[in-house]
Amino acid sequence: MEGQGLSAKIIDGKQVSSEVRERVAGEVAEFIAGGGHRPVLATVLVGDDPASHVYVANKHKACDAAGIGSVHHELPSETSETDLITLVRAIGDDDGIDGILVQLPPPDHIDADRVIAAIDPTKDVDGLTATNAGLLAGGRPGLVPCTPAGVIELLDHSGTGIEGAEAVIVGRSNLVGRPLISLLLGRNATVTAAHSRTRDLAGVCRRADILVAAVGVPGLLGAEHVKQGATVIDVGINRTDDGLRGDINFDSAIEVAGAITPVPGGVGPMTIAMLMANTLAAAKARAAVPN
Ligand code: NAD
């Protein structure tokens, strides 16, 4: 088949993201029509990183489109860790807020882990607190990190069967790789977590019916890592001199894969869609448990 352009199906993350966002908008309207309150997301941004400002602005736009309210706290880069934690706790205590998103990374003098620990787990729409990580690892309901939740949504949308499949995840970060292990296990995949110390990475990856790359090394994986017909999901977003690149060498992998996500336009747009879904889920869960 070599050289015959046996090309994979391209999984359109923009399309799936807009479908999820429309679905959430409908559910928000239904929740309010049924007597629920309007969900509200609070974002917190420390410092003046231009990319972070764009990300936060996009999150507010997505809230507007979904009928979700949003408030924004912008703090100067010299803000102390204590002041930030005080604000995060105050938002946690504010009954009018359903979701808290602290835009990461914070400036160097602030320990992100200590800030995350101050987030009320019921409002932790990024799914980063130890409580939500523990619930996910234990296979119990909680708020799931947005990017790995988006990966599952893409797999489902592409028609990839998860149950019983061999899934290999390259990367074991708390943000992506680790939660994805639990999500795929929860869907009855056979899951392998590969990482920087994995021996024979290509051999391990070639076992995968579902191959997910969440590494942060542009073009690390190519055709030699992909089993014929596998679904390949590229979480990597790497800024290079040639623009944004994923962890997968797309042009090479597409010749072998059955379905593959592009970068940009694959996993990237899903994160914001799942944030909307999580904010609604947090609002519903809070409404169901009176203070
Ligand atoms: P991270 O740096 O926290 O983790 C990287 C992981 O890759 C580590 O577990 C490490 O063991 C593994 N690794 C590093 N080098 C390796 C190698 N040579 N071979 C095999 N494994 C190796 O990264 P992260 O936060 O999980 O992010 C990974 C990528 O995903 C980045 O490009 C990031 O920008 C992107 N990302 C995208 C989204 C999104 O789409 N919205 C969200 C989060 C992260």
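Using every pair of separate Cα atoms, the Kirkwood estimate puts the hydrodynamic radius of the chain at 19.7 angstrom. Straight-line cross-link partners of K59 among the lysines, defined as a Cα under 30 Å from its Cα and at least 8 positions apart when in the same chain: K9, K14, K123, K284. In a shell of Cβ-Cβ distance under 11 Å around G13, excluding G13 itself, what net charge do Lys and Arg (+1) and Asp and Glu (-1) give? Net charge around G13: -3. For the chain, the longest principal axis of the C-alpha atoms and the axis of helix 81-93 are separated by about 80°. If you take all other residues with their beta carbon under 15 Å from the beta carbon of S70, and give Lys and Arg +1 and Asp and Glu -1, the sum is 0.
Dividing the convex hull volume of the alpha-carbon atoms in region 140-223 by its residue count gives 101 Å³ per residue.
The angle separating the long axis of helix 177-186 from the principal Cα axis of greatest extent in the chain is about 80 degrees. Highest mean packing first, where packing is the average number of other Cβ atoms within 10 Å per residue, the peptides 92-103, 165-176, 269-280 line up as 269-280, 165-176, 92-103.
Peptides 248-256, 142-150 ranked from most to least packed give 142-150, 248-256, packing being the mean of other C-beta atoms within 10 angstrom over each peptide's residues.
Would you tally the net charge around L184, using a Cβ to Cβ cut-off of less than 15 Å, leaving L184 out, and scoring K and R as +1, D and E as -1? Its environment carries a net charge of -1.
When the Gaussian network model of the chain links Cα atoms closer than 10 Å, the mean-square fluctuations of R206, R197, R245 top out at R197.
Every number in this text was worked out from the coordinates using simple rules, so none of it is lab data. These numbers were taken from a predicted model, which means no experiment stands behind them. With ideal geometry, Cβ positions are generated from the backbone for all residues, glycine too; neighbour counts draw on all protein chains shown.
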